[in-house]
Amino acid sequence: MTIAFSGSQMSSLFEFLLPWEFSPLVLLSCVTAGVLYARGMRLRAVPGGAVDVWRAVGFYVGLLSVYVVMQTHFDYLSQHMFWIHRLQHLILHHLGPFLIMLALPRQTMQAAVPMVIQQRVLIPLFRNRLTLSVYRFLQQPVIASVLFAGLIYFWLTPSIHFDVMLSLPRYQLMNWSMLVDGLFFWWLIVDPRCKGEGGALSHGVRIAMLWAVMLPQIALGAYITLAQASLYSVYSVCGRAWPISPMVDQQLGGLITWIPSSMMSVIGGLVVLRMWLRYNSRQVAALRRAEPVHA
């Protein structure tokens with residue numbers, strides 16, 4: 001079976017992929033991350049060794065998804081349809097950062113940075129007391145969980161949401177805050193290190209965090225879905241991209257906040273559980289090796 005695309009369809013697809021409101025920062029960030037990861041993989045590759053293809057695929061799928069929702073006409077739709085906006089934040093805050101951090105990109109990307117830049121810029125920056133203090137504060141389990149769920153509530157407060165969607169700087173601030181917070185949060189969850197190694201959390205704490213952020217999302221999504229009045233009138237002011245009623249638009253957005261966002265906590269929990277089982281297996285194997293051999 002062959003699928004053919006007409007010239008008009010190809011033209012429409014090309015137009016959709018063009019930036020709606022071009023952001024040099026988004027383009028530079030995504031291209032830089034993609035190039036560094038590719039170069040780092042090449043530099044760290046062992047001759048004749050296996051390449052972790054799935055991590056690379058996950059990284060680039062996550063990075064591409066972030067680029068698409070921020071730098072194509074998807075961004076236009078998200079400004080004119082509430083449910084598309086919720087889908088955008090599902091990707092920026094959940095799926096994209098989760099896939100990127102699951103690829104464990106830090107060491108790979110660091111290997112691609114020239115040593116002179118590491119010594120003169122990155123190392124002094126990451127060893128700076130203020131930088132370390134802020135990072136450690138934000139990465140405390142309670143603070144990280146409150147920020148993760150709290151940002152969703154904050155940006156979806158109807159009065160705040162109305163003002164944000166009518167201001168490009170505030171709209172961009174909202175999207176960047178969701179992306180950065182997502183990267184910080186999901187790194188805490190999928191960090192391969194064990195408790196006590198560089199401030200890594202125990203697996204039990206990670207699962208507790210996932211439950212802690214899931215329940216508020218369920219409550220908020222259910223509230224938006226079941227509300228009897230329109231909460232987000234800004235989409236009527238700006239004009240909806242597609243002719244659906246405000247209540248249907250709101251209900252679809254509420255369902256996305258309610259179900260897929262919460263399911264990301266379930267998926268994250270399964271990943272952590274797998275890591276936990278592997279850790280326990282290694283511990284058992286180490287104990288067995290340490291047991292004295294009796295004649």
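Here are the numbers for the structure shown:
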quantity	calculated
Calculated [θ] (222 nm, deg cm²/dmol) that DSSP helices of n ≥ 4 give over the chain, each run adding -39,500 (n - 2.57)	-23500 deg cm²/dmol
Charged-residue dipole, Cβ positions (Lys, Arg, Asp, Glu), the chain about Cα centre, Debye nearest 20	1260
Selected from Leu27, Phe82, Ile256, residue furthest toward positive end of dipole (the chain; charges at beta carbon)	Leu27
Label assignment, Rg and Dmax of the Cα atoms in Å derived from the structure, set (i) 21.1, 62; (ii) 21.9, 84; (iii) 19.1, 59	(ii)
The chain: relative contact order in percent, alpha carbon pairs under 8 Å with at least 6 residues between	21
Residue with peak Gaussian network fluctuation, the chain [Cα springs, cutoff 10 Å], from Leu64, Leu277, Leu104	Leu277
Cα gyration tensor shape of the range 127-170, rounded if a/c is under 1.5, else prolate or oblate by comparing a/b with b/c	oblate
Rounded accessible area per residue of the range 192-248, 1.4 Å, Å²	52
Carbon + sulfur, % of accessible area of the chain - ligands and nucleic acids excluded, 1.4 Å	70
Net lengthening on full extension, Ala241/Trp176 (0.36 nm per residue, minus Cα-Cα)	21.1 nm
Amide N of the range 150-183 lying under 13 Å from the label point, which is placed 7 angstrom from the Cα of Leu138 along Cα→Cβ	176-183
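The values are calculated or read from the model by the stated rules, or taken from the named source; none is laboratory data. Keep in mind that what you see is a predicted model, and the values were worked out from it rather than measured. When we count neighbours, we look across all protein chains shown, and the Cβ atoms used for this are built from the backbone with ideal geometry, even at glycine. Surface accessibility is based on the protein's heavy atoms, side chains included, excluding ligands, DNA and RNA. Shrake-Rupley method; radii C 1.70, N 1.55, O 1.52, S 1.80 Å.
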